[in-house]
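In what follows, a single structure is set out as structure tokens and then discussed.
Bear in mind that the values in this text are calculations on the coordinates, not laboratory data. What you see is a predicted model, and the numbers here were worked out from it, not measured in a lab. FYI the Cβ positions are ideal-geometry reconstructions off the backbone, even for glycines, and counts take in every protein chain you see.
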Amino acid sequence: MLKKLTVDKSATMESGKKLPVVSYILMGMGVIYLIMTFTEDSSMITPAVVFGAPGVWLFFKAKRTKETGERYKKYIALVVNQNQTSINKIVSATGFSYETVVKDLQKMIDTGYFAGAYIDVTTQEIALAKTTSQLIAQDSVAAQTQAKVVVCGSCGANNRVTIGQITECEYCSSLLQ
């Protein structure tokens with residue numbers, strides 16, 4: 001599960017929905033063993049720590065994952081759907097610091113959310129490869145009748161999908177139809 005969070009982009013977009021459940025179960029088991037330590041058997045302290053500590057760690061990991069997913073969704077909405085490439089305008093729209101936005105955008109580029117993109121420090125913009133909406137605008141009318149634009153349920157990005165085919169979101173790798 002933890003490997004999936006570091007490798008799978010769609011896992012971040014799902015806002016860590018499964019991690020809190022696992023963390024609550026582990027913390028609950030830790031509390032049960034802790035209670036047993038005080039009431040019945042003092043040797044139960046080890047299982048209390050073995051279950052409780054990872055539960056607490058997963059809880060905070062889930063919280064960070066959810067916050068990251070929400071920030072990434074905002075960036076995708078601005079950069080992909082609204083074609084906003086100015087980092088200063090992204091900072092204004094999100095309310096995050098300039099450093100946070102640049103750091104997040106660079107992480108997104110590094111993990112493949114924006115294929116072929118880079119941050120141009122001289123113009124303070126994110127330079128993207130041609131976006132889906134630009135590709136759709138370039139297609140002929142005949143090609144457009146065989147394709148449709150679908151909004152990704154995970155990250156909210158607009159994607160071009162060929163009718164009748166299942167494809168992956170080009171930003172978060174979630175399946176689209």
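Observations
- For Glu125, the residues whose modelled amide H falls within less than 5 Å of its own, excluding neighbours fewer than 5 places apart on the same chain, are Ile87, Asp120.
- Using a cutoff of 8 angstrom between alpha carbon atoms and counting only pairs six or more residues apart, the relative contact order for the range 30-112 works out to 18 percent.
- With R₀ set to 41 Å, the beta-carbon distance separating Val21 from Val121 gives a calculated FRET efficiency near 0.50.
- Quotient of the Cα radius of gyration of the range 2-127 and 2.2 N^0.38 Å, N being its number of residues: 1.45.
- In plain terms, the residue of Val31, Val161 with the fewest other Cβ atoms within 10 Å comes first and the most crowded comes last, giving Val31, Val161.
- Neighbour-count ranking [beta-carbon atoms within 10 angstrom, fewest first] of Met44, Met108: Met44, Met108
- Annotation: extensible slack from Ile32 through Glu99 equals 19.8 nm (criterion: 0.36 nm per residue apart, minus Cα-Cα distance).
- Counting every other Cβ atom within 10 Å of each residue's Cβ, Arg64, Arg71 order from fewest to most as Arg64, Arg71.
- Using θ = phi - 60° and Karplus 6.51 cos²θ - 1.76 cosθ + 1.60, couplings along the range 110-121 (whole Hz; Gly, Pro as x): 5, 8, x, 5, 10, 5, x, 8, 7, 9, 8, 6
- Our coupling estimate for the range 21-35, obtained by passing each phi through the Karplus curve with A = 6.51, B = -1.76, C = 1.60 and θ = phi - 60°, is 4, 4, 5, 5, 4, 5, 5, x, 5, x, 5, 4, 5, 5, 5 Hz, Gly and Pro reported as x.
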